[in-house]
Amino acid sequence: MAFAAFATAEAQPQAPKRKSRIALLLLLPGILYLVLFFLTPLISLTLTSLQVPSEFGDIGQYDYAFNWQNYVDVVQLYWPHILRSFGYALAATVLALLFSYPLAYFIGVKARRWPLLQSLMLVLVIAPFFISFLLRTLAWKQLLSDESFIITSLKALSLLAPDAHFTGTPFAVIFGLTYNFIPFMTLPLYTTLERLDLRYLEAGSDLYANPFTVFRKITIPLSMPGIVAGTLLTFIPAAGDYVNASRDFLGGPDTQMMGNVIEANFLVLLNYPAAAALSIILMAAILVLVGIYVRRSGTEDLL
């Protein structure tokens, strides 16, 4: 009996070790994937951002160094593009929220009684994903061109000046960003609002709160996780977008964003350190802004 008790006592500490090893083995593929496809490119990008031009090399040839001046140079040269990128992304995020919240509320709350209608509207929300991002943006370029029916009608109604243009303006870029990222805002909002317990709304009404107060005091706080998730899914890709602001689509020379500058430095100017430094700055700025936003919104558990 004593020997059996001793053997049991010896075997007990080994069980947690065995479980931890199994958990480590299960996590190993994911860890290797992150190291190979995230950490390694990030290190390479950081080292590239510190390079200096090769002394005896051709254009596009650089040597590894620790030239932190690259970051100062790109900020001084491209600070209007940095501010413009975050300004456009913020405007598009706010507009997407204003359009998406009523839509998600109707689908998730009002349409619960009609499952078929609810499913149909969800399909319509995700339908743009069935078409290429580039093709959708190019289609809007044609619809908003100077010769299109929309623009000519607005000019005929004197709502636009005869020599006015819509494409190539900040309004066109923000419009394109808003349109393309509305599904990213709508789906998280729908997921949250679809689980909303309507008894809370009824209780607010029973306590003589008007509909606006019920919405402000109950619906908005309970849907905050969806608002935060949708905002992050919209703002982060919008800040780095380079399609809508491109001259080939809805943008113009004065609407270039950081994504366009990074693309030009990488593929046209062959200024790899500047492009890499801008990429690092973009990622760092987004991380800081997202951290501040999540903390101020009181949803740190989403990080």
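Structure data summary
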| item | result |
| --- | --- |
| Relative contact order (percent, whole number), the chain, Cα cutoff 8 Å, 6+ residue spacing | 24 |
| Alpha-carbon spread of region 95-256, three principal axes, descending order, Å | 57, 33, 31 |
| Choice from VAL268, VAL228, VAL125 showing the highest fluctuation, given a GNM over the chain with Cα pairs closer than 10 Å | VAL268 |
| Region 163-239: chymotrypsin sites (Phe, Trp or Tyr not before Pro) in DSSP loop, at most 16 other beta carbons within 10 Å | TYR208 |
| Gain in span if fully extended, PHE56 to PHE106, counting 0.36 nm per residue against the direct Cα distance | 11.5 nm |
| 16 Å reach of a label modelled at LEU154, 7 Å along Cα-to-Cβ, counting backbone N of region 247-276 | 250-252 |
| ARG199 paired with ASP248, simple spin-label distance in nm, labels 7 Å along Cα-to-beta-carbon | 5.7 |
| Max mean-square fluctuation residue, GNM over the chain, Cα-Cα springs under 10 Å, options GLY259, GLY168, GLY57 | GLY57 |
| Trypsin sites (Lys or Arg not before Pro), loop per DSSP, at most 13 other Cβ atoms within 10 Å - longest free stretch of the chain | 1-194 |
| GNM top mover of GLY230, GLY30, GLY240 - the chain, alpha-carbon springs below 10 Å | GLY30 |
| Neighbourhood charge, 15 Å Cβ-Cβ cut-off, centred on LEU207 and excluding it, Lys, Arg +1 and Asp, Glu -1 | +1 |
| Residue-span extension gain [PHE99 to PHE130] - 0.36 nm each, minus C-alpha spacing | 9.1 nm |
| Cα gyration tensor shape of region 39-144, rounded if a/c is under 1.5, else prolate or oblate by comparing a/b with b/c | prolate |
| Stretch gain in nm, segment LEU42-PHE171, where the contour uses 0.36 nm per residue and the Cα spacing is subtracted | 43.1 nm |
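Every number in this text was worked out from the coordinates using simple rules, so none of it is lab data. The structure displayed is predicted, hence computed values, not measured ones. Every residue, glycine as well, gets a Cβ built from its backbone with ideal geometry; the counts of neighbours run over all protein chains shown.
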